[in-house]
């Protein structure tokens, strides 16, 4: 069985620290400014790390990418919307908003590629699809969330302000980084490990600052343990349904085994690396921010544990079918 991701333990530690010793007053204000700068730096680095040729070379497999995009941005929201029928005492409004936000997020990049490779699937397609999902997701996620909250969450969602914030705080740094890639590509490759540490450090800062604010606003008094257990169960249900739909659709459409694997892993993943910074931009001042990001935090670890099992099974079945 796959070991628990050490990064997940760090996230849990950040949540625990915020629950016991939340940042308040001037400390919280400083963390807020650092978070904004960190997010801009994070997306600048993401832009610089994206090879342009990967996107161009992957365009020829448009049918596969269309399936993955449909799973990521259409099937996920459709499967998640019925959660709104649950009683508010089971799933508080902010937690429901968190699930709708989760459903609108782009695919994860690193885990999608890693599990596709582990399962011996179409790695170039996984690279192209997950990267493109994150680029388009910067604008598509707020649009989708606006549509979902219009029918499922009281008060709706301010799309105009959200798009303006995303463009200024995320898209502009991302494009600046991508334009600077010709001069930074060597540096990015040489310091890849340190860049990953920077990525994780900024996410931990966001988690601590966000949960500090939510704890001060009474997060744990409004979120009973039963709702936490329900959130985990709903993440499991959501992942199971999406995995089944993706595999079924890939086979009915006649995709090869390698393409099916790429669809399964790219379609079922949701990005924590993009999800938390984007949530900070969209919901940073919301009192229930900590509750909003719980689903993506739970779903992230569940998708890794389940994905590892599925990837091994794909690899083992291919080995068993190979001619002796």
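The values are calculated or read from the model by the stated rules, or taken from the named source; none is laboratory data. Please read all numbers here as calculations on a predicted model, not as lab measurements. Positions of Cβ are backbone-derived with ideal geometry, glycine not excepted, and every protein chain shown enters the neighbour counts.
Condition (residue is farther than 21 Å from residue 112 by Cα and assigned to a helix (DSSP H, G or I)) applied to segment 254-261: is it met by at least one residue?
No, segment 254-261 has no match at all.
Just for segment 111-142: of the residues that are assigned to a helix (DSSP H, G or I) and over 16 Å from the mean Cα position of the chain (by Cα), which one is nearest to residue 49 (Cα to Cα)?
Among residues in segment 111-142 that are assigned to a helix (DSSP H, G or I) and over 16 Å from the mean Cα position of the chain (by Cα), the one nearest to residue 49 (Cα to Cα) is 128.
In segment 268-278, what count of residues is obtained for those that are surrounded by 23 or more Cβ atoms within 10 Å (Cβ to Cβ) and in a helix (DSSP H, G or I)?
Here the count works out to 7.
Scanning for something in a helix (DSSP H, G or I), modelled with pLDDT under 80 and in contact with a helix residue (DSSP H, G or I) (Cβ under 8 Å, 6 or more places away or on another chain), does segment 231-250 turn up at least one residue?
no
Here's the yes/no breakdown for (1) surrounded by fewer than 24 Cβ atoms within 10 Å (Cβ to Cβ); (2) in contact (Cβ under 8 Å) with a residue 12 or more places away in the chain:
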position	(1), (2)
208	yes, yes
233	yes, no
255	yes, yes
261	no, yes
266	no, yes
290	no, yes
298	yes, yes
308	yes, yes
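Answer yes if at least one residue in segment 50-62 is closer than 21 Å to residue 276 by Cβ and either at pLDDT below 80 or assigned to a helix (DSSP H, G or I) (or both), and no otherwise.
yes
Return the pair list, or none, for Cβ contacts closer than 7 Å from residues in segment 178-205 that are over 24 Å from residue 293 (Cα atoms) to residues that are part of a helix (DSSP H, G or I), at least 6 apart or on different chains.
Close Cβ pairs satisfying both conditions: 178/47; 178/48; 180/48; 181/48; 184/48; 188/48; 188/49; 188/195.
Show the residue pairs meeting these rules: Cβ distance below 8 Å; 6+ apart or different chains; first residue within segment 126-149 and without any contact (Cβ under 8 Å) to a residue 12 or more places away in the chain and on the phi > 0 side of the Ramachandran plot; second residue buried (at least 21 other Cβ atoms within 10 Å of the Cβ) and in a helix (DSSP H, G or I).
As it stands, the answer is none, since no pair meets every condition given.
Name the single residue that is surrounded by the most Cβ atoms within 10 Å (Cβ to Cβ) among those in segment 279-288 being touching a helix residue (DSSP H, G or I) at 6+ places or on another chain (Cβ under 8 Å) and in a loop (DSSP other than H, G, I, E, B). I'd like the intermediate steps shown before the answer.
Initially, segment 279-288 is screened for residues touching a helix residue (DSSP H, G or I) at 6+ places or on another chain (Cβ under 8 Å), giving 279-284, 286-288.
Still in the list and also in a loop (DSSP other than H, G, I, E, B): 284, 286-288.
Working: 284: 18, 286: 17, 287: 16, 288: 22.
Among those that are touching a helix residue (DSSP H, G or I) at 6+ places or on another chain (Cβ under 8 Å) and in a loop (DSSP other than H, G, I, E, B), it is 288.
Is it true that residue 115 is at pLDDT below 85, within 16 Å of residue 281 (Cα to Cα) and surrounded by 18 or more Cβ atoms within 10 Å (Cβ to Cβ)?
On the way: at pLDDT below 85: yes; within 16 Å of residue 281 (Cα to Cα): no; surrounded by 18 or more Cβ atoms within 10 Å (Cβ to Cβ): yes.
Answer is no for this residue.
Using the structure shown, decide if residue 215 is more than 15 Å from the chain's Cα centre (by Cα), modelled with pLDDT under 85 and crowded, with 16+ Cβ neighbours inside 10 Å.
For residue 215, the condition - more than 15 Å from the chain's Cα centre (by Cα), modelled with pLDDT under 85 and crowded, with 16+ Cβ neighbours inside 10 Å - is met.
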